Structures are given as structure tokens and as C-alpha cells.
Amino acid sequence: MQMVSNAVSGREPQAHLPGEFFSKLSPEETTDLMSLGHSTSYPPNMVLFSEDDEASGLYVVLEGEVKLSMNSRDGRSLTLRIAAKGEILGLVSALTGSPFEKTAATLYPSKVAFISRRDFLAFLARHPESYKTVTDELGRQMSLACNQLRRVGLATTAPAKLARLLIDWSKTGQATASGTKFRVSMTHEQIGEFIGTSRETVTRTLSTFKSRRLVAFNGTSLTIPSRDALESFACC
């Protein structure tokens, strides 16, 4: 795992985290699990783990956002999803001992807790009732991966892929008088990696969406005036 000289590390006592995984753990289970974590602050674009790295443990996002991707030998990259605060990374490898299947890198300054595989397995032994929560999380992550494959593999055009991505992001957005508003945390190049197209295509397609009043921009915020109208592109 890459480290940096200005990283700030320490034990992580935090017991209150958002996200589906921690919402299903009891307060006692959460406190016990997070007491095992050793937290580190990272700058942007810092790799936490890479594909085929040995499964040393799992990671919990405490602050910031982490990009999960898969990369080819010729340099191509496909972004799978963006993990936010409260999400757990490397769960499959921590359970099975198999190498990591993805690469995880910070998008912004982030704080991440590392829990060794040995400590995590010991936690499960102490709290066998938490296996249900772990199983649910594995199913959730599998569903997210299938949605991404469907978005990239089955949509026939770049506008359809981008429209579907924006609609998915808007599901956690804020309803306003002008439409559904949400923050876009990725650059056009990163969005291109997410949907398997070029930065130029993303920029051009967003410009088309804007000219047709399908989206509106305000800094890093994006508003969808009509989800039904944007859906027409997602179905192409």
C-alpha cells in the first residue's frame, strides 16, 4: 500500500458512521469494529490498494471519497463506483484471503481506517450475528457492480450511458423548485472512465444536455429539471 510522508495516523475510536453497513450493526458491534481500525489521512489521488495486491485487510472511509476502478495492462481504466463516508472496502478479500479485485484511490483529501484481516475475522468470531450484515453488504456491492456493468455494457450510446449515470446519482439528490440537485464530485475525464468513453465525449454530451435544458450547472452542483426527459436518453 502506498503511503505518504505527511499522512496522519492513529487509532480510530469513532462509533457513529453513516451508510447501510454500519446502520445494521449494533452500537456495541460498531464500537468494537472501529476500535480495531488504524486511521490515516491521505492527499488526493493516493492509492490505498491495487488489483492483485495481497489481501491484508479492509478499509473504512471516514472522510472524503474513494474511487474504485479496474485497470487493463494497456492503461485503460473503468471506474466502478465512488465510495463515500461510512463505506467499507475490500470486504470480499478480507473474508476469503484472495487478492484485491479492484484499485482504490482517494479522489479528495480523505481519512480512511484500516482493519487487518486477522482482526476482522476475530471480530466476526466474537459477533457471529454480524455475518448477516456482512452478507447484506456483499449483496449490495454485487448489485452496484451489476448496475455499472449494465450501464457500460448494455447502453448503446455515450449519451445513454451518461444520462443513466446522472439519473442514478440524482437518486440521492435534493428536490428543489427547479428540479433534482446533487453534487458532481468527478472531473469529465473521471466520468469518462466511469462510462467507458473519452473526456471530450463527456464534455460534448453535457453541453448538448445543457442546451436542451436537460441539465443545469452551478459550480460543482448539477440540477436535472425533469428526470423523465433525461430518461429518454437513458433508454436509447
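Just a yes or no: is a residue in the stretch 140-161 in contact with a Cys (Cβ under 8 Å, 6 or more places away or on another chain), assigned to a helix (DSSP H, G or I) and surrounded by 12 or more Cβ atoms within 10 Å (Cβ to Cβ)?
Filtering the stretch 140-161 for residues in contact with a Cys (Cβ under 8 Å, 6 or more places away or on another chain) gives 155-157, 159-160.
Checking the rest, the ones that are also assigned to a helix (DSSP H, G or I) come to 159-160.
After this cut, where a residue has to be surrounded by 12 or more Cβ atoms within 10 Å (Cβ to Cβ) as well, the list is 159-160.
Scanning the stretch 140-161, I find at least one residue that is in contact with a Cys (Cβ under 8 Å, 6 or more places away or on another chain), assigned to a helix (DSSP H, G or I) and surrounded by 12 or more Cβ atoms within 10 Å (Cβ to Cβ), so the answer is yes.
Would you confirm whether any residue within the stretch 125-144 is acidic (Asp, Glu), more than 25 Å from ARG199 (Cα to Cα) and in contact with a helix residue (DSSP H, G or I) (Cβ under 7 Å, 6 or more places away or on another chain)?
yes
Might you check whether a residue that is polar (S, T, N, Q) and part of a helix (DSSP H, G or I) occurs anywhere in the stretch 33-49?
Residues of the stretch 33-49 polar (S, T, N, Q): 35, 39-41, 45.
Next cut, part of a helix (DSSP H, G or I) only: 35.
Looking through the stretch 33-49, at least one residue is polar (S, T, N, Q) and part of a helix (DSSP H, G or I).
Would you say PHE194 is outside the structural domain of ASN71 (by TED's automatic domain parsing), in contact with a helix residue (DSSP H, G or I) (Cβ under 8 Å, 6 or more places away or on another chain), over 20 Å from LEU149 (Cβ atoms) and in contact (Cβ under 8 Å) with a residue 12 or more places away in the chain? Please lay out each step first, then the result.
On the way: outside the structural domain of ASN71 (by TED's automatic domain parsing): yes; in contact with a helix residue (DSSP H, G or I) (Cβ under 8 Å, 6 or more places away or on another chain): yes; over 20 Å from LEU149 (Cβ atoms): no; in contact (Cβ under 8 Å) with a residue 12 or more places away in the chain: yes.
Criteria not met by PHE194.
Could you say which residue among ARG199, ARG140, ARG151, ARG164 is closer than 24 Å to LYS67 by Cα and touching a His at 6+ places or on another chain (Cβ under 8 Å)? Even if it seems obvious, please write down each step before you answer.
Numbers: ARG140 fails: touching a His at 6+ places or on another chain (Cβ under 8 Å); ARG151 fails: touching a His at 6+ places or on another chain (Cβ under 8 Å); ARG164 fails: touching a His at 6+ places or on another chain (Cβ under 8 Å).
The match here is ARG199.
Which of the residues that make up the stretch 197-206 are in contact with a Phe, Trp or Tyr (Cβ under 9 Å, 6 or more places away or on another chain) and assigned to a loop (DSSP other than H, G, I, E, B)?
none
Check whether at least one residue in the stretch 100-119 is more than 30 Å from THR197 (Cβ to Cβ), modelled with pLDDT of 95 or more and touching an Asp or Glu at 6+ places or on another chain (Cβ under 8 Å), and report yes or no. I'd like the intermediate steps shown before the answer.
We begin by selecting, within the stretch 100-119, every residue more than 30 Å from THR197 (Cβ to Cβ); these are 111, 113-119.
Keeping just the survivors that are modelled with pLDDT of 95 or more gives 111, 113-119.
Filter once more, so that each one left must be touching an Asp or Glu at 6+ places or on another chain (Cβ under 8 Å): 111, 113.
Within the stretch 100-119 (the criterion being more than 30 Å from THR197 (Cβ to Cβ), modelled with pLDDT of 95 or more and touching an Asp or Glu at 6+ places or on another chain (Cβ under 8 Å)), the answer is yes, since at least one residue qualifies.
Quick one: which of PHE209, PHE217, PHE182, PHE194 is more than 24 Å from the chain's Cα centre (by Cα), outside any loop (DSSP other than H, G, I, E, B) and among the hydrophobic types (A, V, I, L, M, F, W, C)? Please lay out each step first, then the result.
On the way: PHE217 fails: more than 24 Å from the chain's Cα centre (by Cα); PHE182 fails: more than 24 Å from the chain's Cα centre (by Cα); PHE194 fails: more than 24 Å from the chain's Cα centre (by Cα).
Unique residue meeting the criteria: PHE209.
If I ask for residues that are surrounded by 10 or more Cβ atoms within 10 Å (Cβ to Cβ) and at positive phi, which ones from the stretch 64-77 would you list?
At the first step, the residues of the stretch 64-77 found to be surrounded by 10 or more Cβ atoms within 10 Å (Cβ to Cβ) are 64-71, 76-77.
Result: GLY64, single match.
In the set ARG73, ARG81, ARG118, which member is charged (D, E, K, R), part of a strand (DSSP E or B) and outside the structural domain of ARG212 (by TED's automatic domain parsing)? Walk me through it before giving the result.
Details: ARG73 fails: part of a strand (DSSP E or B); ARG118 fails: part of a strand (DSSP E or B).
Being charged (D, E, K, R), part of a strand (DSSP E or B) and outside the structural domain of ARG212 (by TED's automatic domain parsing) holds for just one of ARG73, ARG81, ARG118, which is ARG81.
If I filter the stretch 220-233 down to residues being of a type in the set (A, V, I, L, M, F, W, C) and assigned to a helix (DSSP H, G or I), which single residue comes out as farthest from the chain's Cα centre (by Cα)? First the steps, then the outcome.
Residues of the stretch 220-233 that are of a type in the set (A, V, I, L, M, F, W, C), as a first pass: 222, 224, 229-230, 233.
Retained after the next criterion (residues that are assigned to a helix (DSSP H, G or I)): 229-230, 233.
Values: ALA229: 27, LEU230: 23, PHE233: 24 Å.
Filtering first and then ranking leaves ALA229.
Based on this model, can you work out whether THR172 counts as over 19 Å from ALA84 (Cα atoms) and assigned to a loop (DSSP other than H, G, I, E, B)? Let's see the steps before the verdict.
Values: over 19 Å from ALA84 (Cα atoms): no; assigned to a loop (DSSP other than H, G, I, E, B): yes.
So THR172 fails the test.
For the subset of the stretch 78-128 comprising residues that are touching a residue at least 40 places away in the same chain (Cβ under 8 Å), buried (at least 17 other Cβ atoms within 10 Å of the Cβ) and polar (S, T, N, Q), which member is farthest from GLY139 (Cα to Cα)?
SER110
The values are calculated or read from the model by the stated rules, or taken from the named source; none is laboratory data. Please read all numbers here as calculations on a predicted model, not as lab measurements. Note that each Cβ is placed from the backbone with ideal geometry, even for glycine, and that neighbours are counted across all protein chains shown.
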